Amino acid sequence: MFHNVCDGGLDVRMAEEGEMTCAHRGRLLRLVAFIAGLAVGAAVACGAAAPVAAEENLTLAPEAARALEVMYSGDPDAAIEILRGLEREQPENPQGFMLEAEARWWKVYCAALEVKWGMVDAPKRGKKSDDEAYFSLTDKAVRLAQSKLEISDSAEMHVYAGMGWALRARMHGLRGENRAVAHAGVAARYEFLKALQLDPQMADATAGLGLYNYYIDTLSGIVKVLRFFMGIPGGDKKEGIRQLEIAMKDGVLMKVEARFYLAKNLRTYDQEYQRAATLLQPLVETYPKNPIFLLLLGNFNAELNRNEKASEYFQAAVNLPLTDEACAARVHVIANAFPSAHAPN
């Protein structure tokens, strides 16, 4: 299933092929718990109700939009400060709390980065004390969105509630807490389902369906077993890519992440390094001070044996004046893990 990774199959790059299989099975189980229900629910929603006139897309407060740009520019701490100002000024608005959790996630992700089987990514890690502050933010975002929904139903508030649950599921997944992921995933599914019922064109909700279709079709060998026990429908990778491309174009919250995860997953599951690099390149050009984007693009170029180009991106990441010490330390470790990228071709 995972063949032809750079210089050979994965069996050449790990001690045992079974290790990769088990690792991806566990990751997929956590993923399916969240995304499968979302996708199935979205399909049911579209078929269960008559077409509904689409609402306007998500509307972010100016501070929230600025925080997103600062966060993706590689400074989540500065984004958090902006968002805390929004939280103080608009304590009933879920945007600030949800996006602060998002900013904290990028800090967590950077600090958890490792190189396994030649790929830069964040594997599972144990619980940490800072996790509770993250969970408090996701929970508050959900509560505030649900409070507004009790007054007036809207696709936008369902998306915020769904994002809050999805962010909670993301952290549980990093911690390997499969049952908690499933619980949060069911709640996220419900919220995204309601958003799509109210607005079938909501691109940020469509992103979840795109991820489902892509993963299920790509990991068909494992999914055949899961489908038997869980009743999960098949996926369509081409359709999933199309849906992620919609989110890349029309999304508000998921525009950048849809591009990032599509590029990363094309690398991980299809070994399409050139396509992945082409997708990620615009993010590096738009956000040249984001260490995560630089490291992954360096990784992609290393896989393509473009050592000089890979070295350029790794060195750019190392040279960034990062204020997050944990992230800065991982950046140096990751960059130094590719010695061939520092040697001439």
Could you calculate the FRET efficiency of S152 with Q315 from 1/(1 + (r/R0)^6), where r is the beta carbon distance between them and R0 is 41 Å, rounded to 0.05?
0.20
Between E132 and E285, what is 0.36 nm times their sequence separation minus the Cα-Cα distance? Round to one decimal in nm.
51.7 nm
Under 20 Å from the Cα of K309 - lysines, other chains or at least 8 residues apart:
K264, K289
Under a point spin-label approximation (7 Å from Cα along Cα-to-Cβ), what is the L304-A329 distance to one decimal in nm?
3.3 nm
What nm distance separates the two modelled labels at R275 and H183, each placed 7 Å from Cα along Cα→Cβ?
3.8 nm
If we count every other residue with Cβ under 10 angstrom of K249's Cβ, Lys/Arg +1 and Asp/Glu -1, where does the sum land?
0
Checking the cross-link filter: which aspartates and glutamates have an alpha carbon closer than 12 Å to that of K124, excluding same-chain neighbours under 8 positions apart?
E114, E177
What lysines does K194 reach when the alpha-carbon gap must be under 19 Å and sequence neighbours fewer than 8 apart in one chain are set aside?
K148
With a sphere of radius 11 Å drawn around the Cβ of V70, what net charge do the other residues whose Cβ falls strictly inside it have (Lys, Arg +1; Asp, Glu -1)?
-3
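No value in this document is a laboratory result; all are computed from the given coordinates. These numbers were taken from a predicted model, which means no experiment stands behind them. Here the Cβ is made from the backbone with ideal geometry for all residues, glycine too, and neighbour counts use every protein chain on show.
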